[in-house]
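A.B. asks: Attaching a single structure in structure tokens format; questions to follow.
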Amino acid sequence: MKLMKNFAIILVLFLTGSLALQAQPIRKSSYEGMLAAAREAYSTENYVFALEKYEEAYEEKEDKALIDTLSWLYFKVRDYRRAERSFSRMMRRDKEGQLAEYKFVYGRILKMNEQYDDAIKELQDFVSSTSSDSLRTLAKAEITGAEMAKELPQSLKGVTVENAGKDLNGKVSEYSPALASNGKEVYFATFDADDVIYVDEKNKDKAYAQIYKSDKDDNGWEKPKALGQEINRPEFHNTNVSFSKDGRVMFFTRAQMTGNVLSECKIYYSVGGSEGWSGAQEVQGVNGEYIAKQPAVGELFGQEVLFFVANIPGGHGGFDIYYATKKSEGVYGDPVNLGTVINTLGDDETPYYRDGTLYFSSTGHPGLGGFDIFYSTWDGTKWSAPLNMGRGYNTSVDDYSLTLDNEGYFGMLASNREGGRSAFGRTCCDDLYTISIARIYADLVVGLFSEDKKPLPGGTVYIVPVQNNKMGDPNSKTSEKGNRFDFDLQLDMPYMVIANHPAYYPDTTQFNTVGLKESKTFEERFFLKPKPVPPPEPEYDTISIEQPIVLENILYDFDDDRIKTEAESDLQVVYELMTEYPEMKVELGSHTDNRGVDKYNEDLSQRRAESARRWLVRKGIDRDRIVAKGYGESQPQTVSAKVAAQYDYLKAGDVLTGEYIDALKTEEQKEMAHSLNRRTEFKIIEGPTSITIKSTRLRKKEELKKGSDRGSLPGAKTTQQPTGGEPRMEFKQSMFDLGKVKKGEKRRLAYEFANTGTADLKIDLISVCDCTTLVDDPTGRTFKPGQKGRLEVIFDSSEKDESEVIDIDIFLAHNDKNGMQARTTVQYKYELLK
């Protein structure tokens with residue numbers, strides 16, 4: 001009864017009678033009056049008005065006893081978000097399990113709000129507790145549907161489903177679209193209203209659904225016009241329109257409602273066409289003492305049949321799909337149930353037949369939401385198991401009434417999915433949606449895996465179109481839980497695919513959709529190499545006697561020995577330790593790098609050490625307990641495991657001597673090594689042989705902030721976005737012309753660049769083809785504003801057969817202004833001599 005029940009959603013039928021509201025203004029009534037009006041409306045399934053009155057009553061006294069009724073009303077008017085909140089309150093209050101049977105509906109509501117994991121839990125609880133075999137079967141189907149919804153791809157291959165727009169859709173519901181064979185005419189049912197209808201004697205004609213027609217031209221759909229009274233009989237609901245294959249016969253239904261209860265519905269037909277229709281006549285053979293609706297012409301056993309929906313006693317569920325064989329114009333044989341392959345314990349409705357395939361909607365087969373659209377094929381003797389049409393056709397709410405034009409590449413459906421126009425809540429009312437099916441389509445499925453072939457959730461995949469050797473705007477998708485990524489593709493387009501994961505090195509591949517003659521799904525699997533994981537830092541450090549500890553926050557301005565504010569935090573820790581251990585005697589040793597005159601460096605380091613001692617003495621520490629020692633450049637730093645984890649060109653145990661630093665590849669690496677040599681250390685020389693302190697007490701303060709690295713020292717590994725400015729990678733020459741190159745010849749070329757921006761620039765990935773080898777590879781390095789760098793490559797023409805322009809794509813570790821990963825491209829070209 002679902003389709004006709006929707007009329008209750010948009011109609012508030014109180015005409016004349018016990019409520020006696022007619023056209024009178026609604027005045028605020030007493031609490032008892034509100035409840036009486038609400039109960040009366042509920043008893044006649046006048047749900048919208050009942051909900052309004054119950055909400056007024058609840059607002060008046062906040063009687064928790066009303067929450068039960070309000071919950072059911074939200075569900076009945078398809079306001080699933082409020083229904084979820086209200087049912088949740090009820091279920092939390094149910095400490096003794098008296099509402100266990102409610103779990104079925106609550107689980108369905110969660111499912112329709114795409115809370116699939118929570119829905120599965122509630123429905124599983126219901127399955128284990130219910131005594132109803134039929135409800136248990138339906139609940140199991142809901143569970144299967146929720147599990148399927150979690151796995152289905154988010155997009156359809158070559159199918160676009162879009163709202164038909166304001167030309168066809170109003171705020172009240174639109175039902176049962178039927179396309180003429182050319183796809184340029186659509187017939188559907190709706191009301192002459194654009195909001196909830198409060199019916200009185202003056203506007204009661206608006207309370208009845210009518211069949212409308214709209215023509216399509218180059219500017220879109222024309223304003224729909226209601227058909228004449230030969231079809232739209234006054235004071236009847238006229239809906240569920242469909243056509244014979246040749247378009248000469250229209251089938252539809254006329255219905256009566258008592259209150260909001262569907263009391264009568266019969267199938268009618270009319271002969272004619274776009275120029276006009278004859279007076280309607282009742283179809284013989286399919287109507288009876290039951291509800292008959294949603295007719296659709298088809299063919300079985302070589303004969304024309306009429307599929308329709310009915311609640312004939314002895315069926316399998318609520319509403320079943322039947323067929324009746326045609327005997328003559330408007331006369332059909334006895335109804336035949338399509339059987340349990342098609343019909344379920346739920347409702348099975350809106351049949352549409354095309355070329356041996358039956359499309360229909362069901363609440364009993366496993367689906368994504370409420371009503372889902374399915375299809376089943378006829379092999380001449382039996383129906384195949386129905387298959388879900390997937391996302392796009394289906395959503396987490398109600399989707400039905402699929403119809404297609406003659407060619408089968410354009411169609412429509414009705415749905416109350418979010419984003420449509422709705423008079424009451426987000427999902428109360430149905431809109432018409434158009435379906436466009438590509439004749440040839442291409443899509444891409446990407447899988448992310450680790451090197452040991454295990455699924456890798458939490459990654460991001462970019463696809464970038466490449467036109468005329470220039471990269472277009474990328475499309476990216478991130479999946480926190482899964483490792484599959486689906487993309488629709490343009491035809492005749494080269495693409496680059498980039499796979500990223502925070503804990504793995506990125507990877508790229510290229511392909512194209514040029515020259516496809518038929519639809520194709522491209523598949524790419526990436527097996528990413530993990531980045532080295534630094535050992536976890538212990539929560540506590542043990543400091544032994546004679547063990548030097550670097551005070552990372554003690555920094556000095558150039559050629560200065562004054563203590564900076566940043567240094568005081570480390571000296572405060574030393575002060576606290578010396579206060580805690582009064583017998584402790586320490587040495588404060590200061591070191592410089594090896595640049596400059598030896599004697600000057602030694603004097604400067606001595607002044608700096610004494611400056612740190614003076615700070616502690618002023619705090620009250622006895623001067624005799626502190627030895628200040630300036631070592632100059634005589635004791636170069638030994639690289640610790642922690643430092644090696646931050647700078648991948650250093651190894652634990654390496655000593656940063658002048659010779660070692662001079663042998664480093666870049667000026668940036670050398671400057672970083674010099675900065676490590678410039679340090680202040682303290683060590684225990686008398687007193688306790690060892691002490692234990694929390695490791696964070698002497699950590700560089702920038703590291704205590706989320707996402708920070710070792711300050712702004714050059715070369716440090718970082719995943720931060722630039723702050724306070726933006727980096728800019730500018731090349732001295734971005735295109736090299738190698739001229740004539742013999743096949744098999746190799747050429748070496750270098751691209752010089754500078755960071756001309758105002759923030760650190762870090763290179764995340766450099767993508768090159770198989771013919772290009774990176775020699776001087778700056779990947780992973782950070783360049784400060786103004787700092788220069790070099791990218792050197794070797795071109796090998798051995799595998800080349802023609803002249804070409806080669807791209808080198810450089811991906812940077814920050815986002816551009818559009819929120820996408822920043823990138824730049826350099827090129828070289830050559831003329832191949834064979």
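The values are calculated or read from the model by the stated rules, or taken from the named source; none is laboratory data. The shown structure was predicted, so the numbers you read here are calculated from the model rather than taken from an experiment. Here the Cβ positions follow ideal geometry from the backbone for every residue, glycine too, while neighbour counts run over all protein chains shown. Protein only, heavy atoms only, side chains kept; ligands, DNA and RNA dropped before computing areas. Shrake-Rupley method; radii C 1.70, N 1.55, O 1.52, S 1.80 Å.
A.B. asks: Out of the strands (runs of 3 or more DSSP E) lying entirely within the stretch 402-494, which hold 3 or more residues that are surrounded by fewer than 17 Cβ atoms within 10 Å (Cβ to Cβ)?
C.D. replies: 475-479
A.B. asks: Please work out which residue is most open to solvent (accessible area, probe 1.4 Å), limiting yourself to the stretch 348-400 and to residues that are β-branched (Val, Ile, Thr) and under 25 Å from the mean Cα position of the chain (by Cα).
C.D. replies: Across the stretch 348-400, the extreme among qualifying residues is 395.
A.B. asks: Follow-up question, since we're still on this one. Please specify each residue of the stretch 161-197 satisfying the condition of being of a type in the set (Gly, Ala, Ser) and either open to solvent by 60 Å² or more (accessible area, probe 1.4 Å) or within 29 Å of the chain's Cα centre (by Cα) (or both).
C.D. replies: Correct list: 164, 165, 170, 173, 181.
A.B. asks: Quick check on this structure: which one of 140, 121, 150, 111 is basic (Lys, Arg) and either more than 30 Å from residue 316 (Cα to Cα) or open to solvent by less than 70 Å² (accessible area, probe 1.4 Å) (or both)?
C.D. replies: 111
A.B. asks: If we keep just the residues of the stretch 513-536 that are of a type in the set (A, V, I, L, M) and under 22 Å from residue 456 (Cα atoms), which is surrounded by the most Cβ atoms within 10 Å (Cβ to Cβ)?
C.D. replies: That would be 528.
A.B. asks: Considering each of 567, 652, 644, 612 in turn, give the residue that is within 17 Å of residue 674 (Cα to Cα) and modelled with pLDDT under 85.
C.D. replies: 644 is the lone residue from the list that is within 17 Å of residue 674 (Cα to Cα) and modelled with pLDDT under 85.
A.B. asks: Take the stretch 495-512 and flag every residue that is over 23 Å from residue 457 (Cβ atoms) and either open to solvent by 60 Å² or more (accessible area, probe 1.4 Å) or among the hydroxyl-bearing types (Ser, Thr, Tyr) (or both).
C.D. replies: 495, 510, 512 - these are the residues of the stretch 495-512 that are over 23 Å from residue 457 (Cβ atoms) and either open to solvent by 60 Å² or more (accessible area, probe 1.4 Å) or among the hydroxyl-bearing types (Ser, Thr, Tyr) (or both).
A.B. asks: Further question: Tell me which residues, restricted to the stretch 299-339, are within 45 Å of the chain's Cα centre (by Cα), surrounded by fewer than 20 Cβ atoms within 10 Å (Cβ to Cβ) and not acidic (Asp, Glu).
C.D. replies: Passing the criteria: 300, 311, 312, 313, 314, 315, 316, 317, 318, 336, 337, 339.
A.B. asks: Can you tell me which residue within the stretch 781-802, out of those that are within 41 Å of the chain's Cα centre (by Cα) and among the basic types (Lys, Arg), is farthest from residue 828 (Cα to Cα)?
C.D. replies: The selected residue is 784.
A.B. asks: Answer with yes or no whether residue 139 is within 22 Å of residue 418 (Cβ to Cβ) and touching a Leu at 6+ places or on another chain (Cβ under 6 Å).
C.D. replies: For residue 139, the condition - within 22 Å of residue 418 (Cβ to Cβ) and touching a Leu at 6+ places or on another chain (Cβ under 6 Å) - is not met.
A.B. asks: Failed condition for residue 246, given (1) over 12 Å from residue 211 (Cα atoms); (2) among the charged types (D, E, K, R); (3) at pLDDT 95 or above, with all others met?
C.D. replies: Going through the list (1) over 12 Å from residue 211 (Cα atoms); (2) among the charged types (D, E, K, R); (3) at pLDDT 95 or above, residue 246 breaks only (3).
A.B. asks: Can you tell me which residue within the stretch 615-626, out of those that are modelled with pLDDT of 85 or more and surrounded by 17 or more Cβ atoms within 10 Å (Cβ to Cβ), is nearest to residue 681 (Cα to Cα)?
C.D. replies: Residue satisfying both the conditions and the ranking: 626.
A.B. asks: Which residue is nearest to residue 310 (Cα to Cα), if the candidates are limited to the stretch 255-284 and must be part of a loop (DSSP other than H, G, I, E, B) and modelled with pLDDT under 90?
C.D. replies: Here the residue is 260.
A.B. asks: Identify, please: which residue in the stretch 595-628 is basic (Lys, Arg) and in a helix (DSSP H, G or I) and is, among those, nearest to residue 571 (Cα to Cα)?
C.D. replies: Filtering first and then ranking leaves 613.
A.B. asks: A further question follows. Could you say whether any residue in the stretch 273-288 is touching a helix residue (DSSP H, G or I) at 6+ places or on another chain (Cβ under 9 Å) and either aromatic (Phe, Trp, Tyr) or within 30 Å of residue 138 (Cβ to Cβ) (or both)?
C.D. replies: No, the conditions are met nowhere in the stretch 273-288.
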